[in-house]
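The values are calculated or read from the model by the stated rules, or taken from the named source; none is laboratory data. Please read these numbers as outputs of a predicted model, since none were measured by experiment. Cβ: placed from backbone, ideal geometry, glycine included. Neighbour counts: every protein chain shown.
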Amino acid sequence: MSTLVPQGRRPQRLTIGRIGVYAFLLTAALFFLLPLWIMVMTSLKPMEEIRLGNIIALPAAMTFEAWSKAWSSACTGLECNGISVGFWNSVRILIPSVILSIIAGAVNGYALSFWRVKGANVMFGVLLLGAFIPYQVFLYPLVRIFSMTGIYNSLTCIVMVHVIFGLPTMTLLFRNYYAGLPIELFKAARIDGGGFWSIFFRVILPMSTPILVVATILQTTGIWNDFIFGLTFAGRENLPMTVQLNNIVHSTQGERAYNVDMAATMLAALVPLVVYFVSGRWFVRGIAAGAVKG
Amino acid sequence: MSTVSVRDVTVAFEAVQVFDGLSLDISEGEFIVLLGPSGCGKSTLLNAIAGLLDVAEGQIWINGKNVTWEEPKDRGIAMVFQSYALYPRMSVRENMSFGLRMAKTPKPEIEKRVARAAELLQITPLLDRRPDQLSGGQRQRVAIGRALVRDAAVFLFDEPLSNLDAKLRNELRVEIKRLHARLGKTTMVYVTHDQIEAMTLADRIVVMKEQKIQQIGTPDEIYHRPANLFVAGFVGSPQMNFIKGRLENTGEGLSFLAGDRRLSLSAYPFATAPSAGQEVVLGVRPEHLEIASDGTWPGFKVDIVEPMGADTVIWCSDPVGSVQVRTTGSRKAMPGESLTLHVDPSQVSLFSAETGERL
C-alpha cells in the first residue's frame, strides 16, 4: 500500500497515451522534413555523386557550385543568366503589389465597418463572392481589357492584377479586425472633429499593427508564389521567379542537372520561408485577433 | 432659454422605429439624467443629440441653433463614454488635445486648456502616460478631461461609471457633481440605468421605458410622486411595496380595501377623480411603513431580516401580500415575530390597476 499523501503538485507520469502522442508528432515532423533534407543534400552534391542514387546520404564532396550556377548561369530557355533575373523581377512586382493591396484593403475595411456606407453589406457580399470565383474565369476577359487599354504585358499590368485579386481577402481581413475595435473610439474621434482620413490615419491605423503584419505575410507569400498571373500578365521582360524556375527545370538539354534544379527551387522558396520564420508569432496572433469577431 | 431641445424626433434603424415623435427640452446649466433599463432607448436618444445617429424626422436644437444636419463636432458638445474610448496609441496629453489639434487651435491655447482641465481633475502627474498604464478610475478621469478641454456648452455622458467598481463609482459620482457646480452654466445630459446615480446627480430625471418617456421631474417628484407603476417600481431600493385592492366608499370618504385591511384615503391628494369600486394598486415605500405599537395594520409576520448597518430591511408576509419595511439599524426583529404597521395615507401612491397610471 502506498502511503503517499496527496499534496501540492500532482506527480507527472509517462503514460502510454503520452508516448503515442510524442511518437506521432515525431513521425509527422520527419515526414515533412524529409523532402527538404533530400533537396538540401542533392543541391550540395556534384552530379557524379547524385548518379549513385543515395539520395538521403550526406554529400561526400560538398560543393556550392550548383547554387551559384542556379543563381547566375542556369539556362531559362535561350538565355543563360540563372534565376537571379527572375528574383529581381519578383521583387519589383512584389513591393508595389503588397503595399497597394494592403492600403486598399485597409481603407475598404475601415469604411465598411465604421462608416456605415449605404449598401455596405451588399458591396461586401459581392466582393466576397469575387474571392470564391476561380481565377481562370477572369483570365481571358482581363487579357482583352488590358490589351485594349494598352498596358498588357507590363509591370503596371501585373501589379494591378495582384491588387485587384488581393482586394477581397484584404478587405475581409481588415473589416473583421476593425469590427473587433470598440465603436465608441470612433464616435469619440468624430466628436473630436476627425474626418474620414484623419480618423483613419491618426486613430485607426496606429492600432492596426497586428493585422498589418498578417496582411503583409499573406500578400507577400501569395504574390511571391504566384505563377499563372505572372505568366499571363507580366510580359517577357518581367517574368517572376516562379516562371523562371519552371523554365530552368523543364528546358534542360542533355543530362538533367538535379543539383541545380534543387538549388534554384530553394532559392525561389527563400522569401516566403524567411517571412514565416521572422513573423510566425505575429501571424498566429493576428489571425486570431482578426477571426474572433466578425 | 433651453440649450438642448429635442423636437418630435423619430429615429429608425432600417425598418424598426425606435422613437416616434419624442420631445424634450433642457434648460441652460441643467443636469438631466436619462434613466431606464437597458434597451429603453436612452443611449439612442443621447447619440441622436450628439449627431452620431441620423434622425428620420424632427429637429434637434442646441444653443438656439438647429443642428439636425450638423456634424457632431459642430454641435458644441462633448461626450464621455462607458468604455472610456481613449485613443490607445496616444499619451494622456495627446488624448486630451486631440480635438483641439483637429480644430487647428494655436499651441499655447491648447496647452493652457489641457493644463487647466488636468488641474481640475487632478491628473496633471499622468499627462505623459499612456492609457494602458492607467487604472479604470484614472482612465475615466482622462476621458472627462478630454471632454472638458473642448469648452462645450453641453456635456453628454453615456453610462460613464458603469465599468467602475462600487467605491470608485461613488467617488467619481461626487466629482462629476462637483464639476457641474464649478462649471456653472454647462448643461449635462447623463445616461444611466443606476437609480442612485440618477437621484443624486440630477436636477431633473427623465425616466424612459420601451422608447417612451414615462415621467420627467425632479428626483423628489420622481421618488415621491411616481407617475405610473413602472416609475414607482424602477426607482427606489428596496423596491416600493405594491398591494392590490380596490376603492370603497365609507362614511368619511374613500378608503382602500385589500382583504380585511383598510386605509382611509381622505388625506390622499387625488390627481384624477376616482370612483368607488375601482381596482387599484397601493404603493408604499418601505421607509413609510412604520412599526408601531398601535397602528393601522396589525398582525404582519416577520419573514427575513436584512441588517444593512445604517438601516434594517424587514420582509413581512401577510395573506394580502408581502411587504418590505425599512427601519433604523438599531431595530432588532426575529423571524416569526408579529408586527403592527402604521401607514401614513399622505405618503402613499395609488395607481389604477387597469392602466398603471397614478390616480
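Looking across the stretch B:294-318, the residues that are of a type outside the set (Asp, Glu) and modelled with pLDDT under 80 come down to B:295, B:296. When B:275, B:330, B:352, B:266 are checked against the criterion of being more than 21 Å from residue B:247 (Cβ to Cβ) and of a type in the set (Gly, Ala, Ser), a single residue qualifies: B:330. I'd like to know if the stretch B:73-83 contains one or more residues that are more than 29 Å from residue B:223 (Cα to Cα) and touching a Gly at 6+ places or on another chain (Cβ under 6 Å). Yes, the stretch B:73-83 has at least one match. Which of the residues that make up the stretch B:249-267 are in contact with a Ser or Thr (Cβ under 7 Å, 6 or more places away or on another chain) and aliphatic (A, V, I, L, M)? Answer for the stretch B:249-267, where residues must be in contact with a Ser or Thr (Cβ under 7 Å, 6 or more places away or on another chain) and aliphatic (A, V, I, L, M): B:263, B:265, B:267.
The residue pairs whose first member lies in the stretch B:252-275 and is more than 23 Å from residue B:321 (Cβ to Cβ) and assigned by TED's automatic domain parsing to the domain that holds residue B:318, whose second member is polar (S, T, N, Q) and in a loop (DSSP other than H, G, I, E, B), and whose beta carbons are closer than 9 Å, counting only pairs six or more residues apart or on different chains, are B:252/B:266; B:253/B:266. Quick check on the stretch B:52-83: of everything there that is at the interface with chain A (Cβ under 8 Å from one of its Cβ atoms) and either within 24 Å of the chain's Cα centre (by Cα) or among the aliphatic types (A, V, I, L, M) (or both), which residue is surrounded by the fewest Cβ atoms within 10 Å (Cβ to Cβ)? Result: B:83. So, residue A:153, is that one surrounded by 16 or more Cβ atoms within 10 Å (Cβ to Cβ), over 17 Å from residue A:231 (Cα atoms) and not basic (Lys, Arg) or not? Criteria not met by residue A:153.
The residues on offer are B:320, B:348, and the sole one that is among the hydrophobic types (A, V, I, L, M, F, W, C), out of contact with any Cys (no Cβ under 6 Å at 6 or more places or on another chain) and under 18 Å from residue B:236 (Cα atoms) is B:348. State which residue pairs qualify: first residue not assigned by TED's automatic domain parsing to the domain that holds residue A:260 and inside the stretch A:227-247, second residue surrounded by 15 or more Cβ atoms within 10 Å (Cβ to Cβ) and at pLDDT below 90 in any location, beta carbons under 7 Å apart, and separation of 6 or more residues or different chains. If the second residue must be surrounded by 15 or more Cβ atoms within 10 Å (Cβ to Cβ) and at pLDDT below 90, no pairs are left.
Against the condition assigned to a helix (DSSP H, G or I), within 13 Å of another protein chain (Cβ to nearest Cβ) and crowded, with 21+ Cβ neighbours inside 10 Å, how does residue B:114 come out, does it pass? It is false that residue B:114 is assigned to a helix (DSSP H, G or I), within 13 Å of another protein chain (Cβ to nearest Cβ) and crowded, with 21+ Cβ neighbours inside 10 Å.
Residues that are within 31 Å of the chain's Cα centre (by Cα) number at least 3 in the following strands (runs of 3 or more DSSP E) confined to the stretch B:235-349: B:241-250, B:279-284, B:289-291, B:297-307, B:311-317, B:323-328, B:338-343. Residue B:88 - would you say it is within 9 Å of chain A (Cβ to nearest Cβ) and either over 22 Å from residue B:189 (Cβ atoms) or of a type in the set (A, V, I, L, M, F, W, C) (or both)? The answer is yes for residue B:88.
Being surrounded by fewer than 17 Cβ atoms within 10 Å (Cβ to Cβ), closer than 28 Å to residue A:92 by Cβ, within 14 Å of another protein chain (Cβ to nearest Cβ) and not polar (S, T, N, Q) is the requirement here; does residue A:270 meet it? So residue A:270 does not fit the description; no. When the stretch A:1-50 is filtered for residues that are charged (D, E, K, R) and part of a helix (DSSP H, G or I), the ones remaining, listed by number, are A:18, A:48, A:49.
So that you can scan it fast, the table gives a plain yes or no per residue for (1) buried (at least 17 other Cβ atoms within 10 Å of the Cβ); (2) assigned by TED's automatic domain parsing to the domain that holds residue A:241; (3) closer than 17 Å to residue A:176 by Cβ:
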{"position": "A:90", "(1), (2), (3)": "yes, yes, no"}
{"position": "A:99", "(1), (2), (3)": "no, yes, no"}
{"position": "A:121", "(1), (2), (3)": "no, yes, yes"}
{"position": "A:133", "(1), (2), (3)": "no, yes, no"}
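For the stretch B:144-164, residues that are in a helix (DSSP H, G or I) and out of contact with any helix residue (DSSP H, G or I) (no Cβ under 8 Å at 6 or more places or on another chain) total 1.
Considering each residue of the stretch B:96-104 in turn, at least one proves to be out of contact with any helix residue (DSSP H, G or I) (no Cβ under 9 Å at 6 or more places or on another chain) and either within 13 Å of chain A (Cβ to nearest Cβ) or surrounded by 15 or more Cβ atoms within 10 Å (Cβ to Cβ) (or both). Elements of the type helices (runs of 4 or more DSSP H) sitting completely within the stretch A:160-235 and holding at least 1 residues that are within 14 Å of chain B (Cβ to nearest Cβ): these cover A:183-191, A:196-199, A:209-225. In the stretch A:17-58, the qualifying residues are those that are modelled with pLDDT under 90 and among the β-branched types (Val, Ile, Thr), and the one that is surrounded by the fewest Cβ atoms within 10 Å (Cβ to Cβ) is A:56. Suppose the filter is surrounded by 12 or more Cβ atoms within 10 Å (Cβ to Cβ), of a type in the set (A, V, I, L, M, F, W, C) and farther than 20 Å from residue A:234 by Cα; does residue A:70 pass it? Against the criterion (surrounded by 12 or more Cβ atoms within 10 Å (Cβ to Cβ), of a type in the set (A, V, I, L, M, F, W, C) and farther than 20 Å from residue A:234 by Cα), residue A:70 qualifies. Among the residues of this structure, residue A:248 counts as one that is more than 30 Å from residue A:110 (Cβ to Cβ) and away from every other protein chain (no Cβ under 14 Å). Answer with yes or no whether residue B:264 is small (Gly, Ala, Ser) and closer than 24 Å to residue B:237 by Cβ. Criteria not met by residue B:264. Residue B:49 meets the stated requirement of being under 24 Å from residue A:195 (Cα atoms), in the same structural domain as residue B:180 (by TED's automatic domain parsing) and buried (at least 21 other Cβ atoms within 10 Å of the Cβ).
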